[in-house]
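*Asks:* Just dropping this structure here.
The values are calculated or read from the model by the stated rules, or taken from the named source; none is laboratory data. Here the structure is a predicted model, which is why all the values come from computation and not from measurement. Virtual Cβ from ideal backbone geometry, glycine too; neighbours counted across all protein chains shown.
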Amino acid sequence: MNIVVCVKQVPDTATERKLRSDDKTLDRDAADGVVNELDEYAVEEALRLKEAHGGEVTVLTMGPDKASETIRKALAMGADKAVHLVDDALHGSDALGTSYALAQTLKKIGFDLVVLGSESTDARTGVLAAMLAERLGVPQLTFANKVEVNGTSIAIQRVTDYGYDKVEAVLPAVVSVVEKINEPRYPSFKGIMAAKKKPVEKLGVADAEIDVAQVGLAGSWSEVADFAAAPPRAAGTVVKDEGDGGVKAADFLASKKFV
Amino acid sequence: MDFTLPESALAVQRGVADICSRYDLDYWQRCETDKRWPEEVWAELAKGGWLGLAVPEEYGGGGQGLLELAVATETLSASGSAGGSAFTYVLTPGFGAMTLARHGSRWQRERLLPGLATGEIETCFALTEPDAGSNALGISTSARRDGDEFVVNGQKIWITGVQRATWMLLVTRTVPASEARPRTHGMTVLLVNVPEAVASGRLSFRPIPKMGANTTPSNMVFIDDLRVPAANVVGEVDQGAAVLWDILNPERILLAASALGGAEVALRVAVRYAKEREVFGRPIGANQAIAFPLAQVKAKIELARLMLYKAAWLFDAGRPCGTEANIAKLTASQAAWEAADHAFQTHGGMAYSMEYPVARLLADARIGKVAPVTEELLLNYLATQVLGLPRSF
């Protein structure tokens, strides 16, 4: 099975994240880049599927040169090879543009199954899996906390507010995973050393036959009009317990429509 | 000249830090309070091949050297483990794997190294005695040849990790110290199977209540007519001193790495508090009385690290490293102590609360100034062996 895992480099959530004042895109130099956490679960799931069914795991990343660190991490976990889509023309692409660029690349490199995290910790749109599936014309199986492949069919448990749905499809398909699905492995020493020798193919927009009018800041359908720092948290409400603390707490929750 | 760490060491830094990032200061504090081995971290380090870094590849290890082990120790320590990291890396990867990789016989290597690489076999090291600490050559634990065996009698103290160890590297005298010429002659290192020795009733041990570093107990060990096969001699009979230096120098280097990491944690904790804590309307770190000592600690950490890496590099190259190992141990331990002491001062009275990590870091740092060798003995080595000054003893 030819599995492609899409991973994204995001700013470390533990550091202060900023947007650039000039083009209102993410300031990638202001924070350390790390692998989007949910994508680690995607890599782990891809590796488990490969271990169970054989095949190959390819990492696909779209991002600047710096994103190669993210690729190395996924390779160190055990992926076989990587494709790095890197081009200045892609800078500032929104979800629609990104899904187009990735879909073009996926068409070029081929796949039986695409696995990705259900959202990124920076933009958090959570729409990429659905967009990708649509652009590729294959089934989408999103928010999976369990994946089973049987021959050419795939079944997942799709996490919902009320439990889960069972969703089945025929490969090729796109799957997005949630963090409950597994426990990602740490790269081992041998894994990290071996990752340095694994092939990473760099592709530009021309290589992937990407129409530059549909990507980048100019090609994006959404636009960041303005941004501001979140206001400092206001002082909380102190409720003094004079024997009626429970009632006061319940009233407070009711006033906020929590109960 | 290139100060860049080799890729293997950078991989160690990244990989060990990755694992450690899920274990915070509170985790290590709980291990200390509960006197509990950090099983979770140990298992992850074992699984990733981080314990077996210095085991040759043919035995399932990473095929690296002391530099990589030192970087792993420092990284683990700096993540919050501090003193506890010493035991994780010194006992099994250091005492066990490094020693047998270099001095073990073929069967010893084949039997032990694969297990040492995966952490399934653990080791401890028994040298110090109630009457022989700094004067290690003066030990009195005796091993008398009897056919294909040695019969061992004696007492050891401050032997850490006996409880978990499958094998003990036991340093004995096959020629009494009083008769040995030169004084280094007549030392023999034996591999003792600990569970078997305990089961035979010929070896027993008792933990010593201690001030810190409680993730692993340190013990009194009593040996009474213990029979050890002659095939368990590490290196040559009577020539154990050669093995001993190759145990003690890595021990100094790994403990220097642990101390250095401890210094880094203490400094990090102090700097964070100095930035956050406001008194008289400004962060206390704005006061030079707080800031300058922390800046000084930073300088000492960087200097000690240079010597640490140099000493490890020399050892791996098979070159003499005694002077560098001793300087690394001396300066890293001093940096750790000063870092912990200034972290204490920075925290003011809050440092005395066990809810802050400072008290643990202070206790961990203090032991580094006396163990496994006192600062005075390290200075004495530099004075007599390096500067050629007359001996006082």
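*Asks:* Of the residues A:Gly191, A:Gly163, only one is under 30 Å from B:Gln64 (Cα atoms), small (Gly, Ala, Ser) and out of contact with any His (no Cβ under 6 Å at 6 or more places or on another chain); which?
*Replies:* When all the criteria are applied, what remains is A:Gly191.
*Asks:* Still on this model: Can you tell me which condition B:Pro320 does not meet? The list is (1) more than 23 Å from B:Ala136 (Cα to Cα); (2) not in a helix (DSSP H, G or I), and all the others hold.
*Replies:* Failed condition: (1).
*Asks:* Can we say B:Glu324 is over 25 Å from B:Leu25 (Cα atoms) and out of contact with any His (no Cβ under 7 Å at 6 or more places or on another chain)?
*Replies:* So B:Glu324 passes the test.
*Asks:* In segment A:189-228, how many residues are free of Cβ contacts under 8 Å to residues at least 40 places away in the same chain and within 14 Å of another protein chain (Cβ to nearest Cβ)?
*Replies:* The total comes to 4.
Rundown of residues vs (1) surrounded by fewer than 19 Cβ atoms within 10 Å (Cβ to Cβ); (2) at pLDDT 95 or above, yes/no style:
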residue: A:Val4; (1), (2): no, yes
residue: A:Val10; (1), (2): no, no
residue: A:Thr15; (1), (2): yes, no
residue: A:Leu19; (1), (2): yes, no
residue: A:Arg28; (1), (2): no, no
residue: A:Ala31; (1), (2): yes, no
residue: A:Glu56; (1), (2): yes, yes
residue: A:Gly63; (1), (2): no, no
residue: A:Ala82; (1), (2): no, yes
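*Asks:* Can you say whether A:Val205 is under 30 Å from A:Ala89 (Cα atoms), in a loop (DSSP other than H, G, I, E, B) and either in contact with a strand residue (DSSP E or B) (Cβ under 8 Å, 6 or more places away or on another chain) or not hydroxyl-bearing (Ser, Thr, Tyr) (or both), as far as the supplied structure shows?
*Replies:* yes
*Asks:* Just the residues that are under 14 Å from B:Phe95 (Cβ atoms) and assigned to a strand (DSSP E or B), please, taken from segment B:157-173.
*Replies:* Once the filter is applied, which keeps residues that are under 14 Å from B:Phe95 (Cβ atoms) and assigned to a strand (DSSP E or B), segment B:157-173 yields B:Trp158, B:Ile159, B:Thr160, B:Trp167, B:Met168, B:Leu169, B:Leu170, B:Val171.
*Asks:* Further question: Take B:Gln64 and tell me if it is among the polar types (S, T, N, Q) and surrounded by fewer than 19 Cβ atoms within 10 Å (Cβ to Cβ).
*Replies:* no
*Asks:* Still on this model: Residues of segment B:98-118 being crowded, with 20+ Cβ neighbours inside 10 Å and part of a loop (DSSP other than H, G, I, E, B), which ones?
*Replies:* Selection gives B:Gly104 alone.
Yes/no matrix, rows are residues, columns are (1) farther than 30 Å from A:His91 by Cα; (2) in a strand (DSSP E or B); (3) within 14 Å of chain B (Cβ to nearest Cβ):
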{"residue": "A:Glu148", "(1), (2), (3)": "yes, yes, no"}
{"residue": "A:Pro184", "(1), (2), (3)": "no, no, yes"}
{"residue": "A:Pro187", "(1), (2), (3)": "no, no, yes"}
{"residue": "A:Ala230", "(1), (2), (3)": "no, no, no"}
{"residue": "A:Phe258", "(1), (2), (3)": "yes, no, no"}
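*Asks:* Name, by its number, the condition in (1) assigned to a loop (DSSP other than H, G, I, E, B); (2) touching a residue at least 40 places away in the same chain (Cβ under 8 Å); (3) within 25 Å of B:Ile367 (Cβ to Cβ) that does not hold for B:Ala180.
*Replies:* Status for B:Ala180: all satisfied but (3).
*Asks:* Right, next: Looking only at segment A:90-97, decide whether some residue is under 28 Å from A:Arg48 (Cβ atoms), more than 14 Å from every other protein chain (Cβ to nearest Cβ) and modelled with pLDDT of 95 or more.
*Replies:* No: segment A:90-97 contains no residue that is under 28 Å from A:Arg48 (Cβ atoms), more than 14 Å from every other protein chain (Cβ to nearest Cβ) and modelled with pLDDT of 95 or more.
*Asks:* Here is a further query. Given (1) within 15 Å of the chain's Cα centre (by Cα); (2) within 14 Å of another protein chain (Cβ to nearest Cβ); (3) of a type outside the set (Asp, Glu), identify the lone condition not met by A:Ala144.
*Replies:* (2)
*Asks:* For segment B:270-294, enumerate the residues that are more than 25 Å from B:Thr73 (Cβ to Cβ) and surrounded by 12 or more Cβ atoms within 10 Å (Cβ to Cβ). Talk me through it step by step, then tell me what you get.
*Replies:* Applying the first criterion (more than 25 Å from B:Thr73 (Cβ to Cβ)) to segment B:270-294 yields B:273-293.
Within segment B:270-294, B:Tyr273, B:Ala274, B:Lys275, B:Arg277, B:Pro283, B:Ile284, B:Gly285, B:Ala286, B:Asn287, B:Ile290, B:Ala291, B:Pro293 qualify.
*Asks:* In addition: Within segment B:57-82, can you find the residues that are out of contact with any Lys or Arg (no Cβ under 8 Å at 6 or more places or on another chain) and outside any helix (DSSP H, G or I)?
*Replies:* Result: B:Gly60, B:Gly61, B:Gly63, B:Gln64, B:Gly65.
*Asks:* Is it the case that segment B:320-338 has a residue that's over 21 Å from the mean Cα position of the chain (by Cα) and crowded, with 19+ Cβ neighbours inside 10 Å?
*Replies:* Within segment B:320-338, none of the residues are over 21 Å from the mean Cα position of the chain (by Cα) and crowded, with 19+ Cβ neighbours inside 10 Å.
Listed here are the residues, each with its yes/no results for (1) at pLDDT 95 or above; (2) of a type in the set (Ser, Thr, Tyr); (3) crowded, with 20+ Cβ neighbours inside 10 Å; (4) out of contact with any helix residue (DSSP H, G or I) (no Cβ under 9 Å at 6 or more places or on another chain).
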site: A:Ile154; (1), (2), (3), (4): yes, no, yes, yes
site: A:Ala173; (1), (2), (3), (4): yes, no, yes, no
site: A:Lys196; (1), (2), (3), (4): no, no, no, no
site: A:Val205; (1), (2), (3), (4): yes, no, yes, no
site: A:Gly219; (1), (2), (3), (4): no, no, yes, no
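*Asks:* Looking at B:Val90, B:Val41, B:Val71, which one is of a type in the set (Val, Ile, Thr) and away from chain A (no Cβ under 14 Å)?
*Replies:* B:Val90
*Asks:* Still on this structure: Only one of B:Ala371, B:Ala365, B:Ala332, B:Ala336 is touching a residue at least 40 places away in the same chain (Cβ under 8 Å) and either within 18 Å of B:Ala136 (Cα to Cα) or not in a helix (DSSP H, G or I) (or both). Can you tell me which? Quick ask: steps written out before the conclusion?
*Replies:* Numbers: B:Ala365 fails: either within 18 Å of B:Ala136 (Cα to Cα) or not in a helix (DSSP H, G or I) (or both); B:Ala332 fails: either within 18 Å of B:Ala136 (Cα to Cα) or not in a helix (DSSP H, G or I) (or both); B:Ala336 fails: either within 18 Å of B:Ala136 (Cα to Cα) or not in a helix (DSSP H, G or I) (or both).
Exactly one of B:Ala371, B:Ala365, B:Ala332, B:Ala336 is touching a residue at least 40 places away in the same chain (Cβ under 8 Å) and either within 18 Å of B:Ala136 (Cα to Cα) or not in a helix (DSSP H, G or I) (or both), namely B:Ala371.
Residue by residue, here is whether (1) over 21 Å from A:Ala74 (Cβ atoms); (2) within 14 Å of another protein chain (Cβ to nearest Cβ); (3) in contact with a Ser or Thr (Cβ under 7 Å, 6 or more places away or on another chain); (4) not small (Gly, Ala, Ser) holds:
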residue	(1), (2), (3), (4)
B:Ala9	yes, yes, no, no
B:Arg22	no, yes, no, yes
B:Leu25	yes, no, no, yes
B:Cys31	yes, no, yes, yes
B:Trp50	no, yes, no, yes
B:Gly65	yes, yes, no, no
B:Leu76	yes, yes, yes, yes
